[in-house]
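The values are calculated or read from the model by the stated rules, or taken from the named source; none is laboratory data. Worth saying up front: this structure is predicted, and the values here are computed from it rather than measured. FYI the Cβ positions are ideal-geometry reconstructions off the backbone, even for glycines, and counts take in every protein chain you see. Ligands, DNA and RNA are excluded from the accessible area calculation, which covers all protein heavy atoms including side chains. Shrake-Rupley method; radii C 1.70, N 1.55, O 1.52, S 1.80 Å.
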Amino acid sequence: MSARDVSSVGERLQRGPGPEDWWKTAVVYQVYIRSFADSDDDGVGDIGGLRTRLPYLAELGVDAVWINPWFPSPMYDGGYDVAEYRDIEPAFGTLTAAEDLIREAHDLGLKILLDIVPNHTSSEHRWFQAALRGDAAARARYIFRPGRGDNAELPPNDWSSNFGGPAWTRVTAPDGSAGEWYLHLFAPEQPDLDWTNPEVGDEFEDILRFWFDRDVDGFRIDVAHGLSKADGLPDAGPRDGSLAGNAFHPAWDQDEVHEIYRRWRKVADSYDPPRVFVAEAWVSSSERLAQYLRADELHAAFQFDFLRAPFRADVMRQVIEDVTAAAAVVGAASTWVLSNHDIVRHVTRYARSQPARLVDSDWEHARWGSESADLTLGRKRARAAIMLTLSLPGGAYLYQGEELGLAEVEDIPSELRQDPTWIQSGHTDPGRDGCRVPLPWSGESPPFGFSADDASVPWLPQPAEWATLTAAAEEHDSESMLNLYRRALSLRRKYFTGLDPLTWLESSAGTLALRRGDVQCWVNTGPSDVPLPQGQILLTSGFGVDSGVLPVDTAVWVVVS
Ligand code: GLC
């Protein structure tokens, strides 16, 4: 890109987004639908529950809602095993209810993003069922290969499943003999599709249109970096193949994947207004991620390094610098996120010691038994972290329940855990259930208004301590996390929705200070109080902040004249 191109990108960014570019600065609220709100008292969240809570989301002040997969699914992986892409899982509702929800959200000014799962289908999808029956055309849509070894008894290569164990399962041929192996980068119930087969691409473009025709505003793309595999499916060797692993791996982030997104972008742009995509892509660097954001590809991609950063000014600043620099090269907006349905909740991540490097959930799980969590400290830091997040240029994603200050539930009884990670790891990795516990809305005891009927049993148990963290309890507490989020989101609309870049301000070790427009954001992650410039304080994450002092584990938005 020439110097001239770069400066015109800069000018475009500073002007701020037009209505078609809403996603560049949007705050999107993630709804993990099984755990959001239950309208039919079966202990599982659903579309009816979400519809009744849309006013809560509008009042919170978000711009859009991303709904995790709601398609018919046997639920081996919480809906990321899709059996039919053009319908609604009966436990969640009906297609008509979904259409009503989309209309009602739009009436409240909320956009709707769905979650598309193109890397794999459910093993119960009609294509895979036909493949198992020996239908050659159906088989060619998946990745079947002969095994290695004298009797083909070894998997075709050394790839591991993200949930533990080998990434290959051997099938029995229709005549009863041992057959070929099929690839599944996740659970065996999630066979990977073969994206070199044009029928797969055609099918997914049709699925996109099906939902865009129903006024869906865009899609989050599941495992967006996984669709293309290296030619010949070579062994990975000692490389780390996990999603958060940073090494280049033949299953992930292959250059061919970009051609798929160029085609998808054309589909999105053929609508008025154009539809948008946000990628879940765990890749090895901010530069590799930026490639997904080139002008003719995807609109946004989660910056997971920010979510992997400890509450430490040095690491956070390094990540923010890398991410904004890489995004600027392709003229893209950054996308910030602190928590989601796959990761230990950030209140808990910040509640223990903070190492000077990026970490992941495996590392967090490993220290559960050895280091106690100070959740009061975790919440204090989480309050500061959301103010930092919302002051950064770009879009931001909130994960349901973070606005209530929910922590990870670490003590779910083993027999109630449901995540395939728990099962496939032979019960050594607790998996992701702890961040997926149904939300507490009201009342003094479970189900905390999640289901209307007090006798309903939520699909994962809620801790008794959540009585003080219900939306109803926090509503009337002016110092609650909920009211902090509401105030911060409303001030963000006023002060931070332009695309003007951030400017770093000089500040002492352990602190971050940045300016966007007229407002400065100061964050103290260090061990002692530091001076704060005099000015008009718009918001503080802590209590009793005196003008002129920035206490530890606190953030402040201040207008300095
Ligand atoms: C993504 C989802 C995760 C799911 C996996 C397989 O990482 O966020 O929940 O298990 O893809 O679809």
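On the accessible surface of the chain, probed at 1.4 Å, how many percent belong to carbon and sulfur atoms?
Heavy-atom surface of the chain belonging to carbon and sulfur, 1.4 Å probe: 50 percent.
Please calculate the 1.4 Å probe accessible area of ASP546, with all protein chains present, and give it to the nearest 10 Å².
Its accessible surface works out to 110 Å², give or take rounding.
Enumerate the lysines that LYS494 could reach by cross-link, defined here as Cα to Cα under 24 Å, with residues fewer than 8 away along the same chain left out.
Here the lysines satisfying the reach criterion relative to LYS494 are LYS24, LYS111.
Given a Förster radius of 30 Å and the C-beta distance between ASP40 and SER284 as r, what FRET efficiency does 1/(1 + (r/R0)^6) yield to the nearest 0.05? Spell out each step's value before the answer.
On the way: r = 44 Å, r/R0 = 1.47.
E(calc), rounded to 0.05, equals 0.10.
If you rank GLU297, GLU256 by how much accessible surface each has, with a 1.4 Å probe, what is the order from largest down?
GLU256, GLU297
Take every Cα pair under 8 Å in the chain that's 6+ residues apart, average their separations, divide by the length, and report that relative contact order as a whole percent.
14 percent.
I'd like the orientation of helix 47-60 relative to the chain: the angle between its Cα long axis and the longest Cα principal axis, in ° from 0 to 90, rounded to 10.
Long axis of 47-60 versus the principal axis of the chain: about 30 degrees.
Toward the positive end of the charge dipole of the range 126-183, about the Cα centre and with charges on Cβ (Lys, Arg +1; Asp, Glu -1), which of ALA136, TRP159, ALA173 goes farthest?
ALA136
How about LYS380: which lysines have a C-alpha closer than 16 Å to its C-alpha, ignoring those fewer than 8 places off in the same chain?
Correct list for LYS380: empty, as no lysines qualify.
For the chain, what does the helix formula give at 222 nm: sum of -39500 (n - 2.57) over DSSP H segments with n ≥ 4, over the residue count, nearest 500 deg cm²/dmol?
-8000 deg cm²/dmol
Between 0 and 90 degrees, rounded to the nearest ten: what's the tilt of helix 481-495 against the longest Cα principal axis of the chain?
On a 0 to 90 degree scale, this one is about 80.
Taking the highest mean first, how do the peptides 266-272, 105-111 order by number of other beta carbon atoms within 10 angstrom per residue?
So the peptides 266-272, 105-111, ranked by packing, come out 105-111, 266-272.
Got the relative contact order for the range 500-559 handy, in percent, Cα pairs under 8 Å and 6 or more residues apart?
32 percent
Between helix 257-269 and the chain, what is the angle of the helix's C-alpha long axis to the longest principal axis, kept within 0 to 90° and rounded to the nearest 10?
Value to nearest ten degrees: 70.
Under 5 Å between amide hydrogens, which residues at least 5 positions from ARG220 or on another chain qualify, with H placed 1.01 Å from N in the peptide plane?
Placed amide hydrogens put LEU114, ASP115, ILE116, VAL278 under 5 Å from ARG220.
Please list, in order along the range 369-379, the HN-Hα scalar couplings obtained from phi with the Karplus expression 6.51 cos²θ - 1.76 cosθ + 1.60 (θ = phi - 60°), rounded to whole Hz, x for Gly and Pro.
Whole-Hz 3J(HN,Hα) from phi for the range 369-379: x, 9, 10, 6, 9, 9, 6, 5, 5, x, 5.
The range 450-485 to the range 187-231: how many Å between their Cα centroids?
Here the two parts' Cα centres lie 36 Å apart.
Determine the dipole magnitude for the chain: charges of +1 sit on the beta-carbon of Lys and Arg, -1 on that of Asp and Glu, nothing else is charged, the reference point is the Cα centre, and the result goes in debye to the nearest 20. Before the final figure, lay out each step's value.
On the way: 51 positive and 86 negative charges, 353 e Å.
Dipole of the chain, to the nearest 20 debye: 1700 debye.
Distance between Cα centroids, the range 371-403 to the range 72-96: provide it in whole Å.
Between the Cα centre of the range 371-403 and that of the range 72-96, the gap is 31 Å.
What whole-number value in Å² describes the accessible area per residue of the chain for a 1.4 Å probe?
Value for the chain: 38 Å² per residue.
Just to verify a number: what accessible area does SER508 come out at with the full protein assembly present, 1.4 Å probe, Å² rounded to tens?
Here the residue's solvent-accessible area equals roughly 60 Å².
Pull up all non-local amide H partners of GLY179: gap of 5 or more, or a different chain, and H-to-H distance under 5 Å with H placed in the peptide plane.
So GLY179 has HN proximity to VAL171, THR172, ALA173.
Taking 0.36 nm per intervening residue step and subtracting the Cα-Cα distance, what contour gain separates ASP454 from THR468 on full extension? Before the final figure, lay out the partial values.
Details: separation 14, 0.36 × 14 = 5.04 nm, distance 1.74 nm.
Answer, rounded to one decimal: 3.3 nm.
From Cα pairs below 8 angstrom and at least 6 apart in sequence, can you work out the relative contact order of the range 408-561, rounded to a whole percent?
Relative contact order of the range 408-561: 13 percent.
Counting only the heavy atoms of the protein chains, how much of SER480 is accessible to a 1.4 Å probe, in Å² to the nearest 10?
About 10 Å², rounded to the nearest 10.
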